[in-house]
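Enquirer: Below is the structure I would like to discuss, written out as structure tokens.
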């Protein structure tokens, strides 16, 4: 479920969630393997987010996705709901570049990673070495190490 789809007139969230879950069930039945999708529950209000999360749960989803652009209070609130409802919460970093790519000011993505983990997010879209997101191989590796480590040691080549 792409981070920027939300609920546009040509692809409403409720129908999209149902369509995705039907596909997941068919794939599970055909392969015998566990399959899944990160259904994007990002919305303009917490009431709408709760509605989407509840619907995803009713459909049997075990993971929901939110976008960083939702804001820190909404992210933490979604994390609390996910924990209470035995669901995993994935964070897409949509919106990150507005304050992380500036060289003279802003917040490094490593800091965002730590904040989001402390806020209760289970896992984070941290990018790839060959993808569209920022970073050389060492920087991206540094993002992953930041997410995995309890304590981060100084490592200047990796930006830590």
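The values are calculated or read from the model by the stated rules, or taken from the named source; none is laboratory data. Computed from a predicted model, the values in this text were never measured in an experiment. Reconstructed Cβ throughout: ideal geometry from the backbone, glycine too, with neighbour counts over all protein chains shown.
Enquirer: Among (1) crowded, with 20+ Cβ neighbours inside 10 Å; (2) touching a strand residue (DSSP E or B) at 6+ places or on another chain (Cβ under 7 Å); (3) free of Cβ contacts under 8 Å to residues at least 60 places away in the same chain, which single condition is residue 62 missing?
Expert: Exception for residue 62: condition (1).
Enquirer: If we scan region 46-57, do we find a residue that is surrounded by fewer than 14 Cβ atoms within 10 Å (Cβ to Cβ) and modelled with pLDDT of 90 or more?
Expert: For region 46-57, residues surrounded by fewer than 14 Cβ atoms within 10 Å (Cβ to Cβ) and modelled with pLDDT of 90 or more: present.
Enquirer: Just to be sure before I move on: is residue 10 exposed (fewer than 14 other Cβ atoms within 10 Å of the Cβ) and farther than 20 Å from residue 80 by Cα in the structure I sent?
Expert: yes
Enquirer: Give the residue, chosen from 66, 107, that is at pLDDT below 85 and touching a helix residue (DSSP H, G or I) at 6+ places or on another chain (Cβ under 6 Å).
Expert: Being at pLDDT below 85 and touching a helix residue (DSSP H, G or I) at 6+ places or on another chain (Cβ under 6 Å) holds for just one of 66, 107, which is 107.
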